[in-house]
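The values are calculated or read from the model by the stated rules, or taken from the named source; none is laboratory data. All values reported here derive from a predicted model rather than from experimental measurement. Note: ideal-geometry Cβ built from the backbone for every residue, glycine included; neighbour counts use all protein chains shown.
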Amino acid sequence: MSTGSRADVGRTPRFARGKARAAALRAAAGQVIAERGYEAATMTEIAARAGASIGSLYQYYPTKKLIAAEVHAEYLDQLDQALVGLSTEAHTPAAMSDALFDTLTGFLARYPAFPTLAARRDIETSRKLASRTRLEESLEQSLASTRPPLPPEAMPGLAVMLLQQMKVVVALEASGREADRQAIEHIRRVLRRYLEHLVG
């Protein structure tokens, strides 16, 4: 963003009041996008949901793409911290599998706009790759904390596989269908048994 004009990037809040206002606008954007989808969400509706003027919204976030990117980045930070937090306790491989699923489903319940934001077509390839690498590293860190330990040589590929499984779970969770919820439970069981197999 550093190469864009001031109008492209919006105003960066420096004081507590401005930071609180920008946070309220991001929270409102997440709510509206979760309810209406990214394409249908409007800046007018986001401002109204936040109890702010449209001018105030444009002051901080001149475009819907910008506020969506900021909300998505905020959610990714939360997911990354939650995954890293799993490494602070010793889990058996089976317990780690369950903890990963519980963390993801809890995250999706808290941030229902995440699947929609992650599926946006206007995300730069470099940003997608950076986010993927970051989450893979967090998953690998969590997996490395299991007791008994998983084979170190399996970690990189296992982290990649887990991230892709998480994407599948996100898509299934978003559908709301009973059959898809059952599919999530099947994935959970398969992963649990596979991790147990790796240390068996």
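Tabulated data
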read-out	value
Complete set of residues in segment 1-47 that are at pLDDT 95 or above, aromatic (Phe, Trp, Tyr) and exposed (fewer than 11 other Cβ atoms within 10 Å of the Cβ)	none
Residue check for Ala90: of a type in the set (Gly, Ala, Ser) and at pLDDT 95 or above	no
Segment 132-162: number of residues that are within 28 Å of Gly37 (Cβ to Cβ), surrounded by fewer than 16 Cβ atoms within 10 Å (Cβ to Cβ) and hydrophobic (A, V, I, L, M, F, W, C)	0
Near pairs, Cβ below 7 angstrom, 6+ apart or cross-chain, from segment 29-40 (touching a residue at least 60 places away in the same chain (Cβ under 8 Å)) to any residue that is surrounded by fewer than 20 Cβ atoms within 10 Å (Cβ to Cβ)	Gly30/Tyr111; Gln31/Arg49; Ala34/Pro112; Tyr38/Arg120
